[in-house]
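For reference, the structure is listed below as structure tokens.
Since every read-out is calculated from the coordinates, none of them should be taken as a lab result. Keep in mind it's a predicted model, so treat the numbers as computed, not measured. Heads up, the Cβs are rebuilt from the backbone with ideal geometry, glycines too, and the neighbour counts pull from every protein chain shown.
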There are 2 protein chains.
Amino acid sequence: MEKSENQKKSINEFGKFGLIKHLTGNIVTGNKTTIKGIGDDSAIIDSGKNLTLVTTDLLLEGIHFNLIYTPMKHLGYKAVIRAISDIYAMNGTPGQVIIALGISSKFNVEQLEELYEGISLACKNYNVDLAGGDITSSLTGMTIGVTAVGTVEKNDLVRRDGARPNDLVCVTGDFGASFMGLQLLERERKLFIKDKVTQPDLSGYEYVIERQLKPEIPVSTLKELKKEEIQPTSMIDVTDGLASDLLHVCKLSGTGCRIFYSKVPIDYETSKLAEEFNIDPMVPALNGGEDYEMLFTVPLEMVEKIKIIQSVKVIDHMTTSGSGYYLAGDDGSEVEISAQGWKE
Amino acid sequence: MEKSENQKKSINEFGKFGLIKHLTGNIVTGNKTTIKGIGDDSAIIDSGKNLTLVTTDLLLEGIHFNLIYTPMKHLGYKAVIRAISDIYAMNGTPGQVIIALGISSKFNVEQLEELYEGISLACKNYNVDLAGGDITSSLTGMTIGVTAVGTVEKNDLVRRDGARPNDLVCVTGDFGASFMGLQLLERERKLFIKDKVTQPDLSGYEYVIERQLKPEIPVSTLKELKKEEIQPTSMIDVTDGLASDLLHVCKLSGTGCRIFYSKVPIDYETSKLAEEFNIDPMVPALNGGEDYEMLFTVPLEMVEKIKIIQSVKVIDHMTTSGSGYYLAGDDGSEVEISAQGWKE
């Protein structure tokens, strides 16, 4: 029997991750080459000696990028970064990207050339081949589909679900900068609309702008971990926000977590700008997203070894299942971590 | 120096294939695992013993599908077919699909459930695993990104560029049905808008409707070819239209071609409906597209062997480079084949 419109469930009731779970929860994989299907950074496919990792992303104009303040070249660069980041997050090496582009008639060839310049530059910087693609018409705006393919040796694979209680929670880089960069660009855009002569004032905030427009992946840190023989028990790239991505790892691994307020790395520019905007810098740091840093866990025994890696910060540890997800203050206070997009 | 707006090249000047060539023509692949990048049905990646094939497609609402006459379940089914068809076209076997979905708030959960029902059914029918995916918000309408992954033994790989002069040009199935199905759905939609009571009259045209809404891939014919040890010299799946896809093969292989008007297989329903619409049935057969049949070439020596395969028709042969692309009538007349989307 057809349900009436008001009986039909709205998508918002589920939340993004709930919706994916609802729609794909019953799906069983059957091919013996499918090692891991839905639920990690990439699909994992057995290809003999090594594993093949495949991941795909959609970037939609007006949702994932705004062409008013995103130069085409940066957009192309970031599209590649976004896709290959998922391969690195499984401790793999990306080898190829494939781009499917949907464009409306408002775009001209020069803009697409710039887009491909950015794509090519990212491919060059990360030793990745642009191995295919398609261009199709769209009714409105631009859609970019990016698929990345990579490989990893079977023993090197790091998944999201391998964290254990007492593991150290580690991060590369700093958080919230990309989000604050976006707020700044958005503010200057609004000022420009109001008063067509004001030139955007971005001086002193070059770092946050760069983090938003041209993010990079902490590849050298990942290499250092390999060199020091530190194999993470779990890993995820921070794109949805530190809180949301940490909860992903906890829920998939069946652990709780306790991290320290004062240990979450935040850049000076991020804090300063957050102050200007009258927001607590922890808000963008925890929920901003698009940081393209790695969040990973290592066994407690590695505490001395991990300290050697300058570019890694330990923000504290995993706890047992059922002990909750907490953010602790230096004064002993504890706040439960929640994340946008999660609804259960 | 910035070019003025009217100096900037419009996308239409290039045409779709010209644009892809223009933007990606200078791209060189560097990874030793990248066997073939842009230009074939799938990217080809060396994964040791076998080759991994990866292909990605974007389906945009209003361009690739119209939800007024496309049930969600069929849309999901067709999205999978579209992606895995590219793997079959390289003589490979698809193993996994990954779906990235962009949806606006106008959709409800039941619609998405139906979409995933169709996706699951196609996966089941073709022994493919849904191995990953993401759902994201969109401002308007629905966008579906489908990535398919497959494998092929190195010796079995069939590319688009392997046809030679005198090779027989073969096709599976029949052509133009999907296009005529779409015309019929479109006509009934318009009648319905004009006069809200008219029920769509689709009786007698079940085949063309099914070809449009729920296409299938000629897998049994591909298996028969393998069984009979007929290895095509080139192959492509017919999605852009028989003429356009034949030209792809010719241009990549460096051959001309000569096919016979009377040999192109067209179903009775397609001809009958074309007559109703007052169009020559060869127009949808050559330029309609979305047939999901295979076009392939085999050496002339196989002429007797290929005749055994009932589901394959020889529509004639490849010629030497520079001898043009011709469609011959039984009366000795010859027409040059042109295709939508080609511009050089």
Have a look at the stretch B:168-336 and give its Rg and Dmax from the Cα atoms, expressed in angstrom.
17.4, 59
Defining the label point at 7 Å along Cα→Cβ, can you sort the distances from B:LYS305 to the same site in each other copy, shortest first, in nm?
5.7
For peptide B:61-72, how many partner chain Cβ atoms fall within 10 Å of a residue's Cβ, on average?
1
If each part is reduced to its alpha-carbon centroid, the stretch B:107-125 and the stretch B:195-261 end up apart, in Å, by 25 Å
In this model, which of A:LYS227/B:LYS154; B:LYS226/B:LYS313; A:LYS154/B:LYS32; A:LYS49/A:LYS78; A:LYS223/A:LYS272; A:LYS223/B:LYS154 are farther than 24 Å apart at the alpha-carbon?
A:LYS227/B:LYS154; A:LYS49/A:LYS78; A:LYS223/A:LYS272; A:LYS223/B:LYS154
Please name which of A:ASN287, A:GLN231, A:GLY254 has its Cα lying farthest along the dipole of chain A towards the positive end, using unit charges on Cβ (Lys, Arg +1; Asp, Glu -1) and the Cα centre as origin.
A:GLY254
How large is ³J(HN,Hα), in whole Hz, for each residue of the stretch A:276-290 in order, when computed from phi with the Karplus curve 6.51 cos²θ - 1.76 cosθ + 1.60 and θ = phi - 60°, using x for Gly and Pro?
4, 8, 6, 10, 5, x, 5, 5, x, 4, 8, 10, x, x, 6
Label-point separation (nm) for A:GLU228 and A:GLU110, each offset 7 Å from Cα along Cα-to-Cβ?
4.9 nm
Shape call for the stretch A:50-197 from the C-alpha gyration tensor, a ≥ b ≥ c root eigenvalues: rounded (a/c under 1.5), prolate (a/b greater than b/c) or oblate?
oblate
In terms of modelled amide H atoms, which long-range or inter-chain residues lie less than 5 Å from the amide H of A:ASP134?
A:ILE99, A:ALA100, A:LEU101
Average partner chain C-beta neighbours within 10 Å, per residue of B:99-106?
4
Only helical DSSP H runs with n ≥ 4 go in: add -39500 (n - 2.57) per run for the protein assembly as shown, normalise by residue count and round the 222 nm mean residue ellipticity to 500 deg cm²/dmol.
-10000 deg cm²/dmol
Indicate the gyration tensor shape class of the stretch A:113-210 (rounded, prolate or oblate), computed on the Cα atoms with a ≥ b ≥ c the square roots of the eigenvalues: a/c under 1.5 is rounded; otherwise a/b larger than b/c is prolate and the rest oblate.
oblate
Give the peptides A:308-317, A:321-330 in descending order of average Cβ contacts within 10 Å, highest first.
A:308-317, A:321-330
Among B:GLY150, B:ALA131, B:LEU184, flag the residue with its Cα farthest along the positive direction of the charge dipole of the stretch B:118-196, charges on Cβ as +1 for Lys/Arg and -1 for Asp/Glu.
B:LEU184
HN-Hα J couplings of the stretch A:115-131 from phi, Karplus 6.51/-1.76/1.60, θ = phi - 60°, integer Hz, Gly and Pro as x?
4, 5, 4, x, 4, 5, 5, 4, 4, 5, 4, 10, 6, 10, 9, 7, 10
Starting from a label point 7 Å past Cα on the Cβ side, list the distances from B:LYS124 to the same position in the other copies, nm, shortest first.
5.0
Give the order of B:THR143, B:THR70, B:THR55 when sorted by the count of other beta carbons within 10 angstrom, beginning with the fewest.
B:THR70, B:THR143, B:THR55
How large is Rg over Rh for chain A, taking Rg from the Cα atoms and Rh as the Kirkwood inverse mean of 1/r across Cα pairs?
0.97
Label geometry 7 Å along the beta-carbon vector: A:LEU191 inter-copy distances in nm
6.2
Whole-Hz Karplus ³J(HN,Hα) for the stretch A:292-305, in order, using 6.51 cos²θ - 1.76 cosθ + 1.60 and θ = phi - 60°, x for Gly and Pro?
6, 9, 9, 10, 8, 10, 9, x, 3, 4, 8, 3, 6, 5
I need A:LEU286, B:LEU185 ordered by Cβ neighbour count within 10 Å, fewest first.
B:LEU185, A:LEU286
Nonlocal amide H pairs with A:ASP41, under 5 Å, H built at 1.01 Å:
A:ARG160
Would you tell me the mean number of C-beta atoms belonging to other protein chains that fall within 10 Å of each C-beta in A:145-156, as a whole number?
4
